[in-house]
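FYI, it's all coordinate maths here, none of it is from the lab. Quantities reported herein were computed from a predicted structural model and do not represent experimental measurements. When we count neighbours, we look across all protein chains shown, and the Cβ atoms used for this are built from the backbone with ideal geometry, even at glycine.
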Amino acid sequence: MNQEENQNNQESLNLNKEELNQANANEVVSNEYNITDTAMDQDILAGLRQDQRYLAGTLAAVAVGIIGAVLWAWITILTNYQIGYMAIAIGAGVGYANKFIGKGVEVKFGITGAIIAVLSCVLGNLFTVIVYVAGQLSIGYFDVLGLVSVAEIAQSMFSEFGPIDYLFLGIAGYEGFKFSFIA
């Protein structure tokens, strides 16, 4: 092999290395910034938005939230101990119900899921207090509401809340938000 062929081969290898380095750099940039075909993404997003069912998702989330609140009170009364993990379960349940029934991609689904999850946990505590008071006074559950207003029960309930209670409510709200989206 003569010197001229050696030089041509070397230049060819250098060009191939440069092309490979450029291809790798483009791949790294596209992966790092998640560059995709935006027209296709917009078409997919438009299709997902058409499939959304906000009211159905909200109603499903409320139903799961009420069931979770009843279970919260039932387990708390049976064990005589408030289990904070129930808040996590309620948040996840509310979020997933909103997700599977509502098929949401917009932020309003997450906000609704978070609010319903937190209110369901508070409702579980409220049900627990009502059942406890009814048992102590040997009266019916609805009779408790005749003796004491919901506002008084809520005030009493929140005065007993500690930092860990607020932490679990926050986690429930986060899960209600996070799990409410299909995409």
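Listed values, structure above:
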quantity: Fewest-first sequence of 175, 160, 106 by Cβ atoms within 10 Å of each Cβ; calculated: 160, 106, 175
quantity: Loop chymotrypsin sites (Phe, Trp or Tyr not before Pro), segment 38-138, which have at most 15 other Cβ atoms in a 10 Å radius of their Cβ (DSSP); calculated: 81
quantity: Charge sum, other residues only, whose C-beta stays under 15 Å from residue 118's C-beta, Lys/Arg counted +1 and Asp/Glu -1; calculated: -1
